[in-house]
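Computed from the coordinates by the stated procedures, all read-outs in this text should not be read as laboratory data. Keep in mind it's a predicted model, so treat the numbers as computed, not measured. Don't worry about glycine lacking a Cβ; one is built from the backbone with ideal geometry, like all the others, and counts go over all protein chains shown.
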Amino acid sequence: MAIFPIRTFPDAVLRTPAAEVPVINDGVRRLVDDMFETMYAAPGVGLAAPQIGVSLQVIVFDVGGGPCHMVNPVMLETSGSWTYDEGCLSVPERYWGIKRAGFARARGLNLDGEEVEYAGDELVGRVLQHEIDHLKGILLLERLPRRVRKQALRDLREEAFGLKGSR
Ligand code: ZN
């Protein structure tokens, strides 16, 4: 297993829709292992493969119930709404109150190629929505209200390119 550096905004891989995993082989198993190790080391509660530079549809998460993973996950259902202070390992040390569905249900494959489903309110629903967004090249910034997003993008770009003053 290996810990990978986590790609951060504005890395283009984070904006790129990830490809479906065509076959679950040892490479995919190793990727999932590495993603767990990287996520726990960060530490974080969820990680999508593009965040370590691998543009494939794989997510891992652990919101306290143990390690979960999904290959080629698809969202089946969302409902309700819940605003929660959300962060992302790819936009480090920033949190915004983000409104998303309260409940989410997703289906994917496990490493044995069997269908698995995860569903839940609150943190489970949140992490499913957040990580599946990553696979579409969508960052949490795009879930912010327009004005907040514009300011956040300006701040992050200034920071990323070293344009920020001493404030
Ligand atoms: Zn994230």
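Only Lys, Arg, Asp and Glu count, each charged at its Cβ (+1, +1, -1, -1), so figure out the dipole size of the chain about its Cα centre, rounded to 20 debye. Before the final figure, lay out each step's value.
Numbers: 20 positive and 23 negative charges, 227 e Å.
The dipole magnitude comes to about 1100 debye.
Mind giving me the nanometre distance, one decimal, between the label points for residue 78 and residue 161, set 7 Å out from Cα along Cα→Cβ?
Modelled inter-label distance: 3.0 nm.
Tell me what the chain gives for mean residue ellipticity at 222 nm when only DSSP H runs of n ≥ 4 count, each as -39,500 (n - 2.57), the sum divided by the residue total, rounded to 500 deg cm²/dmol. Intermediate results must be reported in sequence, preceding the final value.
Details: 3 runs with 45 residues, N = 167.
Value at 222 nm, helices only, nearest 500: -9000 deg cm²/dmol.
Report the net charge of residues surrounding residue 95, where surrounding means a beta-carbon distance below 12 angstrom and charges are Lys +1, Arg +1, Asp -1, Glu -1. Display every interim value, and only then the final one.
Details: positive: 94; negative: 85, 86, 93.
Counting the neighbours of residue 95, the net charge comes to -2.
Using Cα-only point scatterers and the Debye equation, what is log10 of I(q)/I(0) for the range 1-78 at each q in 0.14 Å⁻¹, rounded to two decimals?
For the range 1-78, the Cα-only Debye profile gives -0.43.
Can you bin every Cα-Cα distance in the range 12-160 into 5 Å intervals starting at zero and give me the percent of pairs per bin, rounded to whole numbers?
Reading the bins upward from 0: 2, 9, 20, 23, 22, 14, 7, 3, 1.
Expected output is a single nm value to one decimal: the length gained when fully extending between residue 8 and residue 136, i.e. 0.36 nm times separation in residues minus the C-alpha distance. What is it?
Numbers: separation 128, 0.36 × 128 = 46.08 nm, distance 1.59 nm.
Once the chain is fully extended between residue 8 and residue 136, it gains 44.5 nm.
Once Lys and Arg get +1 and Asp and Glu get -1 on their Cβ, which of 52, 81, 111 lies farthest toward the positive end of the dipole of the range 8-155?
81
Provide the gained length on full extension for the span residue 110 to residue 153, in nm with one decimal, where the gain is 0.36 nm per separating residue minus the Cα-Cα distance. Could the numbers behind the result be given before it?
On the way: separation 43, 0.36 × 43 = 15.48 nm, distance 3.53 nm.
Working it through step by step, the gained length comes to 11.9 nm.
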